[in-house]
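See structure below.
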Amino acid sequence: MESTPLLSVNNLSVEFSTPDGIVHAVNDVSFSIEAGKTLGIVGESGSGKSVTASSILKLNSGVTASTSGSILFKGDNILGADDKKIRQLRGSEIAMIFQDPLSALNPYYTVGHQIIEAYKVHHRGVKKPEARKVALEMLRRVGIPNPEARIDEFPHQFSGGMRQRIVIATALINSPKLLIADEPTTALDVTVQAQILDLMKDIQKENGMAIILITHDLGVVAETCDDVAVMYGGRIVEKTSVNELFTTPTHPYSFGLLGAVRSLDKSARGSLRTIAGAPPSLLHLPSGCSFMPRCVFANDGHSKCSSIVPELELVPSTHSLSACHLRKDALLKLTTKDLL
Amino acid sequence: MSAAVDTPFFYFPVARLLRIALTRFIVRRIFFALVLLAAVSLFTYLLFALLPTDPAALTCGKNCKPELIAANRVRLGYDKPIYEQYWQFVRGIFAGRTYGSGDIAFKCPAPSLGYSFNQHECVSTLIGKTFPVTAYLSLGSFVLWMLLGVGTGIIAALHRGKWQDRLTSLVTSIGVSLPTFYVGLLVLFSVVIWLQWLPFPHYASPTDNLHDFLTAMILPWITLAVLSAASYTRLTRNGVLEAMNEDFVRFGVAKGLKNRTVMRKYVLRAALIPIVTIAGLDFAALLGGAIVTESVFSLPGMGRLAIRSVTDSDLPVLVGTTLVAAVFIVMANAIVDIIYGVLDPRVRLK
Amino acid sequence: MSSEVLLEGKNLVKHFPHGTKGLMSKPDGLVQAVDGLNIVLRKGQTLGIVGESGCGKSTLARVLARLIEPTSGSIFLEGQDITHVGGKDLQLLRRDIQMIFQDPFSSLNPRHSVGEIIASPLRIQKIVPKGGEKPRVQELMDLVGLNPEHYNRYPHEFSGGQRQRIGIARALALNPKVIVADEPVSALDVSIQAQILNLLEQLQHDLGLSYVFIAHDLSVVRHIADEVAVMYLGKIVELAQPAGLYSSPAHPYSKALLSAVPLAEPRSTHMRGRIVLEGDVPSPINPPIGCRFAARCWKAQDICRAQEPPLGPAKSLLKPEDSLVACHFPENSN
Ligand SMILES: Nc1ncnc2c1ncn2[C@@H]1O[C@H](COP(=O)(O)OP(=O)(O)OP(=O)(O)O)[C@@H](O)[C@H]1O
Ligand SMILES: Nc1ncnc2c1ncn2[C@@H]1O[C@H](COP(=O)(O)OP(=O)(O)OP(=O)(O)O)[C@@H](O)[C@H]1O
Ligand code: SF4
Ligand SMILES: [Mg+2]
Ligand SMILES: [Mg+2]
């Protein structure tokens, strides 16, 4: 299916200047997403997933962050757009759900006030009672019991999961074309999680919303995403379809990540598999592949690993792009064998 | 999802309930303030009553006859046991009080705080005359300094790192390190005596002569405001910068709200809460500081009245001014707490 | 379950006021966040708690860590009643019980550097570690996988997962006996989750720590817990060892919960029968009489709506003796 993507991110880099030096949080990241599709972003914590996501709405803190590259939404470059244009996109065309639900709500206003506010910025003419009706309906859809009684309460009176549902309700209230969801369900129990993911899928079906879903839960990725990007050290190291990620991961990091997944049925005790070593310091990125110090395959005399940053390239006989110097076919064999 | 639920009619009670929660909080806070006031009045009264000096002996000059002292003691009620004195005093506040009887009775209407033999006036009248001066002085400079401090703080935060920020930080670091007394004299000297931009201040009440009032007030206002504003500039700047890092502020921005709205409803609200607390304390301190300012700028305010009562050993006036000052400090604190509760729902719903 | 009891909660109740009518009247409703729970944590063991969001897990955690006082009921640490301790005793208690919070960001003071945050329990308790504060803090940072170079950074400069590790390091600073961990790993990627879980187990092994461990991720709980309590609307509905619970859940809610776990195998999803719970989560303000799950339970009979099932032995052939369930018609019962 060939169509122009709804959003395309090209060569995005984000740096923060800190007293310790420049933090290279995102390095040369490119991806795109079509309407109606769900792109999962997984990866090491601290690998730049949230920073990438906030860049799409120009939400990185203005003074210390510097951003380069381009982000095209419906063909227009967001990074070059003026304040007014951005404001019209924010919350109406592109909505965002933040990672930390407990601090995403303004503690000084009732939750009703905050949802209605989000609706009314983009629906100027609407009267308050009407907006309130829309808000109540949305709260009901995200599964807040008895919304009429609770809409006038303050955020601190809700549990973590309920706050997250309120945040989700706020994000979805204007039926955005693109939803950026940064770990939307981490705070929720699995039954509510399933309900929220269903809701997102329903809205996606209704109006062709595209979703960028950042999550640590590979189960959620498996159940909801079409494509997946795996991030490590501020770069995308693998881009693939969801099925291929789980059957034939093509990057040593993805491979390690899948190895660490616990299973519900497996008899549990004993040490879990981890990836030995620590993530790279974003202050001084290694000159070659940033995964090199932890990579079990790098030792086999691949001197390129420590000197040249690997590019994303197609792995033969798959649809996966992988940023790894290992001979591509060799990589495929190695990982599959080792996975067993 | 009944129809009734969705009509605007339904949600009024809910909104009202919330307001009631706030009202309850306010009522409770005021009640607490009243109890505190009663305690403060008792304490103040006892403190002065238990001084080793004989209050009656202080009522007339050096060559005073013992008979007169004795008569004054009876007139002022100092012959009664102390709890009765206090009771009389409290009753006087609400019902007014007559000192002595017959021709030489002095009548002070409610709220009576005592009678000053030194100045031959009811203490309430004395305070009534001087209080407005102190109130104008304090309130005026308070408003000015809050506007100045918070205003420049916000500007500095919004232009973080640029010249506006650096300029304010330079000015404020000078401001916080200067004493009021010194700056007051300096300003008075340079503007009035040296440059002669303003005439030497002669206080008049604003209803009598607005021009004189303003020329007398403007220098003390500016002196107090500029000095205190400095620390508020810092507080506001840091508070705003900190609030701008909050996730909920970013979420507000992500909704597509205007910068101004985000600033007002998200950032300032969070940043101003600690400032309100400190402002309340500072306002109380300002009343105390009035003593200095009033002397420097020779304003006929309560601070000067209090100083005079100390040098004259005028006990009733001393008790009266101390009490009124205490009332204001308690009230300022109550108001701060109430504003705090209005601003932050987490406080009021505890 | 032989080892001695370390922390015990008896008939714990925590209600929050909700809304008010008159000026001086009492609140007109109570959020019954925790409503009559008995809970036992044994030395060197881990008690897992799972359940619907909003069912009172965090509230229970805060009550157990004595961050808030229960409305009624009592808490014992090593046999001592700590329900109402205050002042200095409470401060000493903090050495024994530490908490890791659900919310990695707002539990960290934005004004303090990471070093100060991790050192704060030491400072409050006026403890100077051997070799000084900074080396100890950096050791802790290293232990939880934070770069000790970042000692002077501030919380907003860290990613979500890194913030959570700051909270874990802070909880470990005093070498407590009990750690109450409220979703300590849900913000982390799986490989770091694995590291932290291994770390927690290692510490348990080395130092004899005990954990109350709250998580939404059932596979995490399965991995780490010796016993799992399933909560629903302020009550424990099932208490069992993980193996038994996961292979044959006795309470219908447990069963629904397990069926909703997303599996990391894209093709398998449709083969599993996910039990979709119908109906709304009842409000904790006026919870239903009878079984609190009745409105959404596919097995509910009249008795369920009328009479509250007590937490009693699960009369199941598949389960060990000591598992408990609160249901009139438990699964797999004989
Ligand atoms: N304002 C900032 N100043 C300095 N460094 C920052 C700032 N914001 C983020 N970083 C750094 O950028 C890196 C990427 O952060 P980001 O929040 O994108 O990670 P993430 O992939 O979302 O991780 P997680 O899964 O843990 O949420 C981290 O190392 C973080 O420390
Ligand atoms: N301070 C409070 N005032 C009023 N109600 C509260 C307060 N704290 C919690 N509640 C209510 O108590 C109930 C239980 O909340 P709690 O935070 O314990 O849930 P939880 O099980 O931790 O949920 P989650 O998994 O979503 O974090 C919720 O209905 C919540 O709204
Ligand atoms: S490029 Fe080298 S170091 Fe990097 S993942 Fe591939 S094999 Fe490992
Ligand atoms: Mg993140
Ligand atoms: Mg919780």
Would you call A:Glu223 within 23 Å of C:Leu218 (Cβ to Cβ) and outside any loop (DSSP other than H, G, I, E, B)?
yes
So, A:Thr224, is that one under 18 Å from the mean Cα position of the chain (by Cα) and within 16 Å of ligand 2 (Cβ to nearest atom) or not?
no
Residue match in the range B:253-264 (condition: touching a residue at least 12 places away in the same chain (Cβ under 8 Å), in the same structural domain as B:Phe142 (by TED's automatic domain parsing) and of a type in the set (Val, Ile, Thr)):
yes
With respect to A:Ala149, determine if the residue is in the same structural domain as A:Val23 (by TED's automatic domain parsing), over 17 Å from B:Phe248 (Cα atoms) and within 16 Å of ligand 4 (Cβ to nearest atom).
no
Please tell me if A:Ala181 is small (Gly, Ala, Ser) and within 16 Å of ligand 4 (Cβ to nearest atom).
yes
A careful count of residues in the range C:2-29 that are assigned to a strand (DSSP E or B), within 14 Å of another protein chain (Cβ to nearest Cβ) and either at pLDDT below 60 or buried (at least 19 other Cβ atoms within 10 Å of the Cβ) (or both) gives 7
Condition test on B:Lys80, is it within 18 Å of B:Gly320 (Cα to Cα), free of Cβ contacts under 8 Å to residues at least 40 places away in the same chain and not in a helix (DSSP H, G or I)?
no
Which count do you get for residues in the range C:49-81 that are under 12 Å from the mean Cα position of the chain (by Cα) and more than 14 Å from ligand 5 (Cβ to nearest atom)?
0
Hey, B:Leu210 modelled with pLDDT of 80 or more and either within 14 Å of another protein chain (Cβ to nearest Cβ) or buried (at least 20 other Cβ atoms within 10 Å of the Cβ) (or both) or not
no
Is it the case that the range C:267-288 has a residue that's at pLDDT 85 or above and crowded, with 19+ Cβ neighbours inside 10 Å?
no
Quick check on the range A:175-193: of everything there that is within 11 Å of another protein chain (Cβ to nearest Cβ) and touching a strand residue (DSSP E or B) at 6+ places or on another chain (Cβ under 7 Å), which residue is nearest to ligand 5 (Cβ to nearest atom)?
A:Asp189
Considering the range A:118-130, residues that are more than 7 Å from every other protein chain (Cβ to nearest Cβ) and within 20 Å of B:Val253 (Cα to Cα), and then whichever is surrounded by the most Cβ atoms within 10 Å (Cβ to Cβ), we arrive at A:Tyr119
Is there a residue being outside any helix (DSSP H, G or I), more than 16 Å from ligand 2 (Cβ to nearest atom) and either more than 8 Å from chain A (Cβ to nearest Cβ) or hydroxyl-bearing (Ser, Thr, Tyr) (or both) anywhere in the range C:185-204?
no
Could you please give the count of residues in the range A:105-135 that are of a type outside the set (A, V, I, L, M) and either in a helix (DSSP H, G or I) or in contact with a Cys (Cβ under 6 Å, 6 or more places away or on another chain) (or both)?
12
Checked the range C:205-214 for anything crowded, with 24+ Cβ neighbours inside 10 Å and within 11 Å of chain A (Cβ to nearest Cβ); matches are C:Ile214
Of the conditions (1) buried (at least 20 other Cβ atoms within 10 Å of the Cβ); (2) of a type in the set (Ser, Thr, Tyr); (3) at pLDDT 90 or above, the single one that A:Ser13 does not satisfy is (1)
Would you mind stating whether A:Lys74 is more than 16 Å from ligand 4 (Cβ to nearest atom) and assigned by TED's automatic domain parsing to the domain that holds A:Val134?
yes
Identify all residues within the range A:90-105 that are touching an Asp or Glu at 6+ places or on another chain (Cβ under 9 Å) and either more than 7 Å from chain B (Cβ to nearest Cβ) or not hydrophobic (A, V, I, L, M, F, W, C) (or both); write none if there are none.
A:Ile97, A:Gln99, A:Asp100, A:Pro101, A:Leu102, A:Ser103
Test C:Val50 against the stated conditions and say whether it is part of a strand (DSSP E or B), within 14 Å of another protein chain (Cβ to nearest Cβ), out of contact with any Lys or Arg (no Cβ under 7 Å at 6 or more places or on another chain) and more than 16 Å from ligand 3 (Cβ to nearest atom).
yes
Those residues that are out of contact with any strand residue (DSSP E or B) (no Cβ under 8 Å at 6 or more places or on another chain) and more than 23 Å from A:Leu245 (Cα to Cα), I need them from the range A:204-225; list them, please.
A:Lys205, A:Glu206, A:Asn207, A:Gly208
Which one of these does A:Val111 not meet: (1) surrounded by fewer than 22 Cβ atoms within 10 Å (Cβ to Cβ); (2) more than 16 Å from ligand 1 (Cβ to nearest atom)?
(1)
From the residues in the range A:38-83 that are within 11 Å of chain C (Cβ to nearest Cβ) and part of a helix (DSSP H, G or I), which one is surrounded by the most Cβ atoms within 10 Å (Cβ to Cβ)?
A:Lys49
Which numbered condition A:Lys133 misses (of (1) under 25 Å from the mean Cα position of the chain (by Cα); (2) facing another protein chain (nearest Cβ under 7 Å)):
(1)
State whether one or more residues within the range C:220-228 are under 12 Å from the mean Cα position of the chain (by Cα) and assigned to a helix (DSSP H, G or I).
yes
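The values are calculated or read from the model by the stated rules, or taken from the named source; none is laboratory data. For clarity, every value in this text was computed on a predicted model and none was experimentally measured. Methodologically, a virtual Cβ is constructed for each residue, glycine included, from the backbone with ideal geometry; neighbour enumeration extends over all protein chains shown.
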